Amino acid sequence: MLEFEFNEVRATQAAGVLLCFNGGTSWFPYILDLLYLADRKSLVDVGRPIAGANFRVTFRSIVADDLFGDLQYGRDGFWSDHIGLELNKLVLKSDPGDGELSYYEVANLERYANMHAPRAASQNALSELIRSLPEWHFPRDVKGDPLPIEDILRGALGYA
């Protein structure tokens, strides 16, 4: 089973790129969905997700488990130094930079932000799209189910 180590700095910088594209604030479910789509593409293209996250299928979508936990429980760290959560919106408090991200990763994030910009006004705008992906399934647990990287790759590459 493939696993990656979560990197909070890279996750924060990736979210920062997306938030900058959206004027410094956006619905947190929308940003999490954009991050998933960019991670999924990165897995196919370069063999690893941007932030090294592990993923979870939830009733609403697919989320980076490590990041979702930090948002949910408000842990202190690099993320909370740069990004705040106010009324279900992520707010860029200060620029985390993008020095840990490659040019490919920044371009990938910007591509998804640009592609889905018309949906940015709704916090659940991408959830229907995510639920249509082959790797999404109705979770067995209310907290969601772990989603193995192999299942993401099979879904992204069109293998059953």
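The values are calculated or read from the model by the stated rules, or taken from the named source; none is laboratory data. Being a predicted model, the structure only gives us computed values, none of them experimental. Reconstructed Cβ throughout: ideal geometry from the backbone, glycine too, with neighbour counts over all protein chains shown. These accessible areas exclude ligands, DNA and RNA; they are computed on the full protein's heavy atoms, side chains included. Shrake-Rupley method; radii C 1.70, N 1.55, O 1.52, S 1.80 Å.
So the values come out like this:
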quantity: Average Cα contact separation per residue, the chain, under 8 Å, 6 or more apart, as relative contact order %; calculated: 37
quantity: Rounded to the nearest 10 Å², the accessible area of W27 at probe 1.4 Å; calculated: 60
quantity: Descending semi-axes in Å of the stretch 1-98, equivalent ellipsoid built from Cα gyration tensor; calculated: 20, 14, 13
quantity: Student exercise, the stretch 1-100 dipole from Lys, Arg, Asp, Glu Cβ charges, in Debye to nearest 20; calculated: 340
quantity: Whole-angstrom gap from the stretch 76-93 to the stretch 1-45, using each part's C-alpha centre; calculated: 14
quantity: 22 Å tail of the calculated P(r), the stretch 76-160, as % of Cα pairs; calculated: 50
quantity: Within the stretch 95-160, trypsin sites (Lys or Arg not before Pro) in DSSP loop having at most 13 other beta-carbon neighbours inside 10 Å; calculated: R140, K143
quantity: Of every Cα-Cα pair in the stretch 7-160, the percent that sits beyond 22 Å; calculated: 34
